[in-house]
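Contents: one structure, followed by commentary.
The values are calculated or read from the model by the stated rules, or taken from the named source; none is laboratory data. Computed from a predicted model, the values in this text were never measured in an experiment. Cβ atoms come from the backbone with ideal geometry, glycine included; neighbour counts cover every protein chain shown. Ligands, DNA and RNA are stripped out before the accessible areas are found, and what is left, the full protein with its side chains, is counted by its heavy atoms. Shrake-Rupley method; radii C 1.70, N 1.55, O 1.52, S 1.80 Å.
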Amino acid sequence: QKEVEQDPGPLSVPEGAIVSLNCTYSNSAFQYFMWYRQYSRKGPELLMYTYSSGNKEDGRFTAQVDKSSKYISLFIRDSQPSDSATYLCAMSLYNNNDMRFGAGTRLTVKP
Amino acid sequence: DAGVTQSPTHLIKTRGQQVTLRCSPKSGHDTVSWYQQALGQGPQFIFQYYEEEERQRGNFPDRFSGHQFPNYSSELNVNALLLGDSALYLCASSLIDEQFFGPGTRLTVL
């Protein structure tokens with residue numbers, strides 16, 4: 001079993017849809033949770049950074065962490081074609097520590 | 001602010017050769033981490049440098065080594081290249097918490 005599981009997709013939605021991306025993990029000691037967006041042949045771009053359980057909102061993006069279920073989610077509201085990318089979840093035991101990544105979910109938002 | 005920069009952008013090597021990749025962190029950042037990303041996979045942690053010392057290391061062989069300079073820039077060296085070393089090599093810099101990635105160096109080993 002991988003330490004971080006993420007459905008690779010691909011996921012295709014129409015413009016304006018609400019997108020839900022998810023990851024599960026096996027190590028209950030993870031405390032820091034991140035979501036990165038990666039465009040083709042580019043480096044990952046940090047979208048959300050959260051500590052412990054709960055919700056965090058930033059514009060059209062909402063990150064949720066449920067530590068009891070070892071499950072994290074990223075919601076994208078009013079999705080745009082420019083959101084088409086691979087979304088990577090990541091988590092770490094300590095702050096500014098080595099991150100464990102999921103395999104990434106490829107998202108396409110169709111106009 | 002230039003952000004994290006990496007050089008070169010692309011590199012082609014043959015098996016058995018050695019390679020050096022370079023990273024300049026975001027302004028004000030003192031910690032540099034290196035990751036390897038194989039095609040279709042998430043990045044895997046190689047090691048992290050802070051105050052010119054390797055602070056943490058992932059599950060990579062000794063063929064992978066690094067260095068951090070007094071200006072916080074860093075190098076990743078890979079010896080005795082294998083075909084399986086072909087990947088995107090990412091550098092991430094940080095100060096306290098959030099890690100910001102550079103565009104990566106794409107290494108192809110033939």
Table column - 3J(HN,Hα) (Hz), the range A:90-98, Karplus curve with 6.51, -1.76, 1.60, x for Gly and Pro: 8, 8, 8, 6, 10, 5, 6, 10, 4
Virtual spin-label span in nm between A:Tyr94 and B:Phe69, 7 Å along Cα→Cβ: 2.8
Long-range HN-HN contacts of A:Met48 with modeled amide H, under 5 Å: A:Trp35
The range B:1-79 - accessible surface per residue (Å², probe 1.4 Å): 53
3J(HN,Hα) from dihedral phi, the range A:14-26, Karplus parametrisation 6.51/-1.76/1.60, rounded to Hz, x for glycine, proline: x, 4, x, 6, 8, 9, 10, 10, 9, 9, 10, 9, 9
Taking only Cα atoms of the range B:26-104, radius of gyration then Dmax in Å: 12.3, 36
Accessible surface of the protein assembly as shown, 1.4 Å probe, proportion on carbon and sulfur as whole %: 48
Cut-off under 5 Å, modelled amide H: who pairs with A:Ser84 long-range: A:Val109
In order through the range B:94-107: 3J(HN,Hα) via Karplus (6.51 cos²θ - 1.76 cosθ + 1.60), integer Hz, x for Gly, Pro: 7, 10, 10, 9, 5, 9, 10, 8, x, x, x, 10, 8, 9
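Just the number, please: buried accessible area between B and A, total of both chains, 1.4 angstrom probe, nearest 100 square angstrom.
Details: alone 6070 and 6200 Å², together 10640 Å².
Roughly 1600 Å².
Normalised by the residues of chain A, what does the relative contact order come to in percent, with Cα pairs under 8 Å and at least six apart?
Working: 274 pairs, mean separation 41.7, N = 111.
Worked out over chain A, it gives 38 percent.
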Restricting the range A:1-58 to chymotrypsin sites (Phe, Trp or Tyr not before Pro) in coil, as DSSP defines it, with at most 14 other Cβ within 10 Å: A:Tyr39
